[in-house]
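One structure is given below, encoded as C-alpha coordinates.
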Amino acid sequence: MAMNDAQLERFSRHIILKEVGIEGQEKIIQGKILIIGAGGLGAPAALYLAAAGVGIIGLVDGDKVDLTNLQRQVIHFTPDVGKPKVTSAKEKIELINPDIKVITYQERVFADNILEIIGGYDFIIDGTDNFPAKFLINDVCVMTQKPFSHGGILRFDGQTMTYVPGRACYRCIFKEPPPKNAVPSCSQAGVLGAVAGMLGTIQAAEALKFIIGKGELLLNRLLIFNAFKMEFRTVRTQRNSQCPVCGSKPTITSLEDYEQPACDLHLKEDINENKG
Amino acid sequence: MRIKINGKEQVIEKGLSVAELLIVNKVEMPDMVSVQLNGEFVRRGKFSQTVLKENDEIDFLYFMGGGK
Ligand SMILES: [Zn+2]
(Lines give C-alpha, C1' and ligand atoms only; values in the text may rest on other atoms or scores of the structure.)
Protein backbone atom coordinates (compact mmCIF):
# COMPACT_ATOMS: atom_id res chain seq x y z
CA MET A 1 0.00 0.00 0.00
CA ALA A 2 1.60 3.22 -1.13
CA MET A 3 0.46 6.63 0.04
CA ASN A 4 -0.75 9.06 -2.59
CA ASP A 5 0.54 12.64 -2.86
CA ALA A 6 -2.26 14.07 -0.74
CA GLN A 7 -1.53 11.58 2.03
CA LEU A 8 2.21 12.26 1.86
CA GLU A 9 1.41 15.94 2.31
CA ARG A 10 -1.26 15.49 4.96
CA PHE A 11 0.97 13.30 7.12
CA SER A 12 4.26 15.07 6.36
CA ARG A 13 4.81 16.11 9.99
CA HIS A 14 4.57 12.49 11.02
CA ILE A 15 6.65 11.21 8.14
CA ILE A 16 9.41 13.68 8.92
CA LEU A 17 9.81 12.10 12.37
CA LYS A 18 12.48 9.46 11.96
CA GLU A 19 10.68 7.26 14.51
CA VAL A 20 7.54 7.29 12.36
CA GLY A 21 8.58 7.78 8.74
CA ILE A 22 6.66 6.45 5.76
CA GLU A 23 6.70 2.96 7.20
CA GLY A 24 5.18 4.08 10.51
CA GLN A 25 2.55 6.21 8.81
CA GLU A 26 1.57 3.27 6.63
CA LYS A 27 1.13 1.17 9.78
CA ILE A 28 -1.10 3.89 11.22
CA ILE A 29 -3.19 3.94 8.05
CA GLN A 30 -3.61 0.18 8.36
CA GLY A 31 -4.28 0.39 12.11
CA LYS A 32 -7.58 -0.62 13.73
CA ILE A 33 -8.32 1.05 17.05
CA LEU A 34 -11.43 0.72 19.18
CA ILE A 35 -12.47 3.49 21.54
CA ILE A 36 -14.90 2.42 24.25
CA GLY A 37 -16.73 5.52 25.48
CA ALA A 38 -17.07 8.55 23.19
CA GLY A 39 -16.92 10.99 26.11
CA GLY A 40 -14.28 12.94 28.02
CA LEU A 41 -11.41 10.57 27.21
CA GLY A 42 -12.76 9.10 23.99
CA ALA A 43 -13.40 12.51 22.40
CA PRO A 44 -9.81 13.80 22.35
CA ALA A 45 -8.48 10.30 21.63
CA ALA A 46 -10.79 10.00 18.61
CA LEU A 47 -9.85 13.45 17.29
CA TYR A 48 -6.12 12.74 17.44
CA LEU A 49 -6.41 9.23 16.04
CA ALA A 50 -8.53 10.59 13.20
CA ALA A 51 -6.02 13.34 12.50
CA ALA A 52 -3.22 10.76 12.60
CA GLY A 53 -5.00 8.78 9.89
CA VAL A 54 -5.79 5.53 11.73
CA GLY A 55 -7.51 3.42 9.07
CA ILE A 56 -10.35 1.97 11.09
CA ILE A 57 -11.72 3.58 14.23
CA GLY A 58 -14.41 1.80 16.22
CA LEU A 59 -16.58 3.79 18.64
CA VAL A 60 -18.68 2.23 21.39
CA ASP A 61 -21.15 4.34 23.34
CA GLY A 62 -24.82 3.94 24.10
CA ASP A 63 -25.46 7.50 25.21
CA LYS A 64 -26.72 10.62 23.51
CA VAL A 65 -24.98 13.97 23.69
CA ASP A 66 -26.32 16.22 26.43
CA LEU A 67 -25.54 19.78 27.37
CA THR A 68 -23.39 18.83 30.39
CA ASN A 69 -21.07 16.86 28.08
CA LEU A 70 -19.94 19.87 26.05
CA GLN A 71 -17.70 21.24 28.83
CA ARG A 72 -15.15 18.50 28.05
CA GLN A 73 -16.26 16.11 25.31
CA VAL A 74 -14.68 18.17 22.57
CA ILE A 75 -15.77 16.01 19.64
CA HIS A 76 -19.42 16.97 20.27
CA PHE A 77 -20.75 20.42 19.36
CA THR A 78 -23.80 22.37 20.52
CA PRO A 79 -26.04 21.29 17.59
CA ASP A 80 -25.26 17.65 18.46
CA VAL A 81 -27.22 17.71 21.72
CA GLY A 82 -29.67 14.81 21.58
CA LYS A 83 -27.73 12.94 18.90
CA PRO A 84 -26.15 9.54 19.66
CA LYS A 85 -22.55 10.18 20.70
CA VAL A 86 -21.21 7.62 18.25
CA THR A 87 -22.99 9.38 15.37
CA SER A 88 -21.76 12.82 16.44
CA ALA A 89 -18.18 11.53 16.79
CA LYS A 90 -18.31 9.68 13.47
CA GLU A 91 -19.36 12.88 11.67
CA LYS A 92 -16.38 14.82 13.07
CA ILE A 93 -13.90 12.06 12.30
CA GLU A 94 -15.12 11.95 8.71
CA LEU A 95 -14.77 15.72 8.42
CA ILE A 96 -11.17 15.50 9.63
CA ASN A 97 -10.29 12.67 7.30
CA PRO A 98 -12.84 11.14 4.91
CA ASP A 99 -10.55 8.17 4.25
CA ILE A 100 -11.11 6.79 7.73
CA LYS A 101 -13.59 3.99 8.15
CA VAL A 102 -15.60 4.54 11.31
CA ILE A 103 -17.54 1.65 12.81
CA THR A 104 -20.10 2.59 15.45
CA TYR A 105 -21.60 0.49 18.22
CA GLN A 106 -24.44 2.37 19.87
CA GLU A 107 -24.47 0.27 23.02
CA ARG A 108 -22.72 -0.26 26.34
CA VAL A 109 -20.19 -3.02 26.77
CA PHE A 110 -21.33 -6.04 28.74
CA ALA A 111 -19.94 -9.51 29.33
CA ASP A 112 -22.11 -10.87 26.54
CA ASN A 113 -21.22 -8.40 23.75
CA ILE A 114 -17.67 -7.19 24.44
CA LEU A 115 -15.87 -10.18 22.98
CA GLU A 116 -17.55 -9.74 19.64
CA ILE A 117 -17.01 -5.97 19.60
CA ILE A 118 -13.27 -5.99 20.32
CA GLY A 119 -12.45 -8.94 18.07
CA GLY A 120 -11.12 -7.21 14.98
CA TYR A 121 -9.12 -4.42 16.58
CA ASP A 122 -5.37 -4.07 17.21
CA PHE A 123 -5.64 -1.87 20.28
CA ILE A 124 -8.40 -0.77 22.66
CA ILE A 125 -8.79 2.57 24.42
CA ASP A 126 -10.78 2.48 27.64
CA GLY A 127 -12.63 5.78 27.83
CA THR A 128 -15.46 4.52 30.01
CA ASP A 129 -16.79 6.23 33.11
CA ASN A 130 -17.48 3.34 35.44
CA PHE A 131 -15.68 0.53 37.22
CA PRO A 132 -17.73 -2.40 35.88
CA ALA A 133 -16.75 -1.43 32.33
CA LYS A 134 -13.12 -0.77 33.28
CA PHE A 135 -12.76 -4.18 34.93
CA LEU A 136 -14.63 -5.89 32.10
CA ILE A 137 -12.32 -4.31 29.51
CA ASN A 138 -9.26 -5.38 31.49
CA ASP A 139 -10.51 -8.94 31.88
CA VAL A 140 -11.49 -9.44 28.26
CA CYS A 141 -8.20 -7.95 27.09
CA VAL A 142 -6.17 -10.23 29.40
CA MET A 143 -8.19 -13.28 28.38
CA THR A 144 -7.91 -12.59 24.66
CA GLN A 145 -4.37 -11.12 24.83
CA LYS A 146 -5.47 -7.77 23.46
CA PRO A 147 -3.42 -4.63 24.20
CA PHE A 148 -5.30 -1.73 25.72
CA SER A 149 -4.92 1.64 27.40
CA HIS A 150 -6.60 2.19 30.74
CA GLY A 151 -7.61 5.70 31.68
CA GLY A 152 -9.34 7.24 34.67
CA ILE A 153 -10.03 10.83 35.67
CA LEU A 154 -11.50 12.52 38.71
CA ARG A 155 -11.64 16.23 39.52
CA PHE A 156 -8.12 17.44 38.67
CA ASP A 157 -6.52 14.00 38.62
CA GLY A 158 -5.83 11.50 35.93
CA GLN A 159 -4.16 8.13 35.69
CA THR A 160 -3.31 5.83 32.84
CA MET A 161 -1.44 2.63 32.06
CA THR A 162 -1.03 0.45 29.03
CA TYR A 163 -1.42 -3.29 28.98
CA VAL A 164 0.13 -5.76 26.60
CA PRO A 165 0.08 -9.52 27.23
CA GLY A 166 2.63 -10.56 29.85
CA ARG A 167 2.77 -7.20 31.62
CA ALA A 168 0.89 -5.89 34.65
CA CYS A 169 -2.85 -5.60 34.09
CA TYR A 170 -5.27 -3.20 35.78
CA ARG A 171 -6.26 -5.87 38.32
CA CYS A 172 -2.61 -6.38 39.29
CA ILE A 173 -2.90 -2.91 40.85
CA PHE A 174 -6.63 -2.64 41.55
CA LYS A 175 -7.77 -6.12 42.42
CA GLU A 176 -11.51 -5.59 42.25
CA PRO A 177 -14.00 -2.75 41.89
CA PRO A 178 -14.27 -0.58 45.02
CA PRO A 179 -17.33 -1.09 47.20
CA LYS A 180 -20.40 0.62 45.79
CA ASN A 181 -20.85 3.08 48.62
CA ALA A 182 -17.22 4.24 48.33
CA VAL A 183 -17.61 5.58 44.79
CA PRO A 184 -18.36 9.29 44.72
CA SER A 185 -21.19 10.21 42.44
CA CYS A 186 -20.48 12.18 39.28
CA SER A 187 -22.35 15.19 40.49
CA GLN A 188 -20.26 15.26 43.68
CA ALA A 189 -17.01 14.63 41.88
CA GLY A 190 -16.81 16.83 38.80
CA VAL A 191 -13.83 17.06 36.49
CA LEU A 192 -11.86 19.85 34.88
CA GLY A 193 -12.54 19.46 31.17
CA ALA A 194 -8.93 19.94 30.17
CA VAL A 195 -7.89 17.03 32.42
CA ALA A 196 -9.98 14.72 30.24
CA GLY A 197 -8.22 16.18 27.21
CA MET A 198 -4.78 15.62 28.73
CA LEU A 199 -5.49 12.02 29.58
CA GLY A 200 -7.34 11.07 26.39
CA THR A 201 -4.50 12.55 24.38
CA ILE A 202 -1.94 10.46 26.30
CA GLN A 203 -4.03 7.40 25.52
CA ALA A 204 -4.06 8.30 21.81
CA ALA A 205 -0.26 8.68 21.86
CA GLU A 206 0.08 5.23 23.46
CA ALA A 207 -2.18 3.70 20.81
CA LEU A 208 -0.14 5.29 18.01
CA LYS A 209 3.19 4.14 19.49
CA PHE A 210 1.78 0.64 19.81
CA ILE A 211 0.64 0.68 16.16
CA ILE A 212 3.99 1.87 14.83
CA GLY A 213 5.86 -0.39 17.26
CA LYS A 214 8.22 2.32 18.49
CA GLY A 215 8.91 4.08 21.76
CA GLU A 216 8.23 3.01 25.32
CA LEU A 217 4.68 2.29 26.33
CA LEU A 218 3.33 2.77 29.85
CA LEU A 219 3.96 -0.89 30.63
CA ASN A 220 4.39 -1.86 34.28
CA ARG A 221 4.01 1.84 35.02
CA LEU A 222 1.03 3.84 36.18
CA LEU A 223 1.19 7.47 35.11
CA ILE A 224 -0.57 9.69 37.63
CA PHE A 225 -1.00 13.42 37.36
CA ASN A 226 -2.67 16.19 39.26
CA ALA A 227 -3.46 19.18 37.10
CA PHE A 228 -4.23 21.41 40.08
CA LYS A 229 -0.60 21.30 41.23
CA MET A 230 0.48 20.23 37.74
CA GLU A 231 2.53 17.35 39.02
CA PHE A 232 3.22 14.18 37.06
CA ARG A 233 4.53 10.93 38.44
CA THR A 234 5.00 7.40 37.16
CA VAL A 235 4.71 4.62 39.68
CA ARG A 236 6.51 1.38 38.87
CA THR A 237 4.15 -1.53 39.05
CA GLN A 238 4.66 -5.19 38.37
CA ARG A 239 2.70 -8.21 37.45
CA ASN A 240 1.07 -9.55 40.60
CA SER A 241 1.33 -13.34 40.91
CA GLN A 242 -1.87 -13.20 42.96
CA CYS A 243 -3.76 -11.18 40.36
CA PRO A 244 -7.22 -12.75 40.02
CA VAL A 245 -7.12 -12.59 36.23
CA CYS A 246 -3.48 -12.74 35.07
CA GLY A 247 -1.86 -14.32 38.15
CA SER A 248 -0.56 -17.85 38.51
CA LYS A 249 -3.88 -19.19 39.80
CA PRO A 250 -6.55 -17.01 38.25
CA THR A 251 -9.93 -17.05 39.96
CA ILE A 252 -11.60 -15.08 37.18
CA THR A 253 -11.82 -17.25 34.12
CA SER A 254 -14.99 -15.98 32.52
CA LEU A 255 -16.40 -12.50 31.95
CA GLU A 256 -18.89 -11.10 34.40
CA ASP A 257 -20.94 -7.95 34.78
CA TYR A 258 -20.59 -6.16 38.10
CA GLU A 259 -23.73 -4.75 39.59
CA GLN A 260 -22.31 -1.34 40.35
CA PRO A 261 -24.09 1.06 38.05
CA ALA A 262 -22.39 3.82 36.12
CA CYS A 263 -22.64 7.09 37.95
CA ASP A 264 -24.65 8.78 35.22
CA LEU A 265 -27.03 5.85 35.41
CA HIS A 266 -27.38 6.65 39.10
CA LEU A 267 -28.32 10.19 38.26
CA LYS A 268 -30.94 9.12 35.76
CA GLU A 269 -32.43 6.74 38.30
CA ASP A 270 -32.49 9.49 40.88
CA ILE A 271 -34.20 11.84 38.46
CA ASN A 272 -36.77 9.18 37.62
CA GLU A 273 -37.38 8.48 41.28
CA ASN A 274 -37.91 12.15 41.93
CA LYS A 275 -40.33 12.36 39.06
CA GLY A 276 -42.25 9.28 40.25
CA MET B 1 11.70 7.58 60.79
CA ARG B 2 11.73 8.55 57.15
CA ILE B 3 9.71 6.90 54.44
CA LYS B 4 8.63 7.97 50.99
CA ILE B 5 4.93 8.40 50.43
CA ASN B 6 3.87 8.86 46.82
CA GLY B 7 7.44 9.81 45.96
CA LYS B 8 7.80 12.41 48.71
CA GLU B 9 9.79 12.02 51.91
CA GLN B 10 7.79 12.11 55.09
CA VAL B 11 8.80 11.55 58.70
CA ILE B 12 6.48 9.18 60.52
CA GLU B 13 6.33 7.53 63.91
CA LYS B 14 8.12 4.21 64.23
CA GLY B 15 6.05 1.05 64.16
CA LEU B 16 3.10 2.38 62.16
CA SER B 17 1.17 -0.11 60.08
CA VAL B 18 -0.17 0.61 56.61
CA ALA B 19 -3.66 0.88 58.11
CA GLU B 20 -2.45 3.43 60.69
CA LEU B 21 -0.55 5.40 58.07
CA LEU B 22 -3.76 5.70 56.05
CA ILE B 23 -5.41 7.28 59.09
CA VAL B 24 -2.45 9.55 59.91
CA ASN B 25 -2.40 10.75 56.32
CA LYS B 26 -6.13 11.41 56.39
CA VAL B 27 -6.97 9.11 53.52
CA GLU B 28 -10.70 9.71 53.62
CA MET B 29 -11.82 6.63 51.77
CA PRO B 30 -9.39 3.76 52.34
CA ASP B 31 -11.62 1.56 50.19
CA MET B 32 -10.74 3.77 47.25
CA VAL B 33 -7.00 3.25 47.56
CA SER B 34 -4.70 0.46 46.47
CA VAL B 35 -1.38 0.28 48.30
CA GLN B 36 2.01 -0.62 46.90
CA LEU B 37 4.89 -1.08 49.33
CA ASN B 38 8.36 -1.08 47.76
CA GLY B 39 6.78 -1.91 44.43
CA GLU B 40 4.66 -4.78 45.72
CA PHE B 41 0.92 -4.79 46.01
CA VAL B 42 -0.29 -5.08 49.65
CA ARG B 43 -3.49 -6.99 50.13
CA ARG B 44 -6.25 -5.04 51.84
CA GLY B 45 -6.58 -7.71 54.53
CA LYS B 46 -2.91 -7.19 55.45
CA PHE B 47 -2.99 -3.41 55.93
CA SER B 48 -3.03 -3.63 59.74
CA GLN B 49 -0.36 -6.35 59.98
CA THR B 50 2.05 -4.70 57.58
CA VAL B 51 4.41 -2.53 59.63
CA LEU B 52 6.50 0.13 57.92
CA LYS B 53 10.29 0.25 58.12
CA GLU B 54 12.81 3.07 57.64
CA ASN B 55 13.23 4.06 53.96
CA ASP B 56 10.15 2.19 52.81
CA GLU B 57 8.55 3.54 49.68
CA ILE B 58 4.81 3.43 49.79
CA ASP B 59 2.36 4.47 47.11
CA PHE B 60 -1.30 5.15 47.60
CA LEU B 61 -2.93 4.54 44.25
CA TYR B 62 -6.47 5.84 43.99
CA PHE B 63 -9.27 4.32 42.03
CA MET B 64 -10.31 6.67 39.27
CA GLY B 65 -13.45 5.60 37.56
CA GLY B 66 -14.25 8.66 35.50
CA GLY B 67 -13.81 8.97 31.78
CA LYS B 68 -16.87 10.58 30.34
ZN1 LIG C 1 -3.11 -8.84 36.46
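The values are calculated or read from the model by the stated rules, or taken from the named source; none is laboratory data. Values in this document were obtained by computation on a predicted structure and should not be read as measured data. Counting neighbours? That spans all protein chains shown, and the Cβs are built from the backbone with ideal geometry, glycine included. Side chains included, ligands, DNA and RNA excluded: accessible areas come from the protein's heavy atoms. Shrake-Rupley method; radii C 1.70, N 1.55, O 1.52, S 1.80 Å.
Applying the Kirkwood pairwise sum to the alpha-carbon positions of region A:158-240 produces a hydrodynamic radius of 14.4 angstrom. Between A:Thr144 and B:Gln49, what FRET efficiency follows from the Cβ-Cβ distance if R0 is 35 Å, with the result rounded to 0.05? Calculated value: 0.40. Size check on chain A: the Cα extents along the three principal axes, sorted descending, read 59, 50, 41 Å.
Between A:Ala189 and A:Gln106, what length in nm is gained on full extension when 0.36 nm per residue of separation is reduced by their alpha carbon distance?
On the way: separation 83, 0.36 × 83 = 29.88 nm, distance 2.63 nm.
This chain segment gains 27.3 nm when fully extended.
For region A:59-202, rounded, prolate or oblate, judged on the Cα gyration tensor with a ≥ b ≥ c (square roots of eigenvalues), a/c < 1.5 rounded, else prolate if a/b > b/c? Judged from the Cα gyration tensor, region A:59-202 comes out oblate (a/c at least 1.5, b/c at or above a/b). The lysines within cross-link reach of B:Lys4, meaning a Cα-to-Cα straight distance under 20 Å and a gap of 8 or more places when in the same chain, are A:Lys229, B:Lys14, B:Lys26, B:Lys46, B:Lys53.
Between the listed residues A:Gly58, B:Ile23, A:Gly213, the Cα displaced farthest toward the positive end of the dipole of the protein assembly as shown, a dipole computed from Cβ unit charges relative to the Cα centre, is found at B:Ile23. Only one residue of A:Leu47, A:Asn240, A:Ile117 has its Cα farthest out toward the positive end of the dipole of region A:13-275, where Lys and Arg carry +1 and Asp and Glu -1 on Cβ, and that residue is A:Asn240. For region A:31-93, the alpha carbon positions stretch 32, 19, 18 Å along the principal axes, listed from largest to smallest. A:Ile16 contributes about 130 Å² of solvent-accessible surface, heavy atoms of the protein only, 1.4 Å probe.
May I ask you to list, by number, the DSSP H helices of chain A whose Cα span along the axis is at least 27 Å and whose average Kyte-Doolittle hydropathy reaches -0.5 or more?
Both cut-offs are met by A:193-212.
Annotation: amide H-H contacts under 5 Å for A:Asn240 (H modelled 1.01 Å from N, sequence separation of 5 or more, or interchain): A:Cys169.
Taken about its Cα centre, region B:2-62 carries a charge dipole of about 80 debye when Lys and Arg each add +1 at the Cβ and Asp and Glu each add -1 at the Cβ. The distance from the alpha carbon centre of chain B to that of region A:102-153 is 30 Å, rounded to a whole number. Here region B:2-62 is treated as a sphere whose radius is the Kirkwood value from Cα pairs; by Stokes-Einstein at 4 °C and 1.567 mPa s it diffuses with a coefficient of 114 µm²/s. Counting heavy atoms of the protein chains alone, A:Phe77 has an accessible area of about 110 Å² for a 1.4 Å probe.
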